[in-house]
1. Quick one: residue 103 ticks every box in (1) in a helix (DSSP H, G or I); (2) at pLDDT below 95; (3) farther than 21 Å from residue 124 by Cα except a single one, so which number is it?
2. Does the range 48-73 hold any residues that are under 23 Å from residue 164 (Cβ atoms) and in a helix (DSSP H, G or I), and which are they?
3. Out of all the residues in the range 122-131, is one or more closer than 29 Å to residue 177 by Cα, surrounded by fewer than 18 Cβ atoms within 10 Å (Cβ to Cβ) and under 15 Å from the mean Cα position of the chain (by Cα)?
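The values are calculated or read from the model by the stated rules, or taken from the named source; none is laboratory data. Predicted model only: the values in this text are computed from it and were never measured. Every residue, glycine as well, gets a Cβ built from its backbone with ideal geometry; the counts of neighbours run over all protein chains shown.
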């Protein structure tokens, strides 16, 4: 049994190393979208875990998250901490009930479109994941944990249509790690970036109309 656990640990480390190298390779729109699917799955699972919710979690092989995934969840968690009123009970704030997958899709699309209406930045990309995480919690709380699977597709589809070209230009998802790496980028810089993302999201709560 100890040997089996050791082999499992080695396999997990190898997968994480491979994922990190894959993230740093010359990105294409296809590779960016493929990685997006795993990143949003990781983020939703992490968000539900933080909320002590077991329903709605997405099945996944037991592995260590990639460097990009860890950084994304760290930054998303910081944004949620800084603006809890924006990244909690999102459906209630925009006065909708997630009674169908089509309403979930329309709601996310409206919020995301407004979020990026004045441009794309890494802070806004992180904010989009935070919004998706908030929607996943709402899905479970409103009795539709199965909607989280559809939410993954919705986020990936939006990323494909609206963000993939920008992500490739920024060096793929590993650009997120490089952007926020080191002490050179202070907490104040992140706070300012986060405020910009939050302002875009706050404006959505006044314009959404389903």
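1. The number of the failed condition is (2).
2. Result: 67, 68, 69, 70, 71, 72, 73.
3. Among the residues of the range 122-131, not one is closer than 29 Å to residue 177 by Cα, surrounded by fewer than 18 Cβ atoms within 10 Å (Cβ to Cβ) and under 15 Å from the mean Cα position of the chain (by Cα), which makes the answer no.
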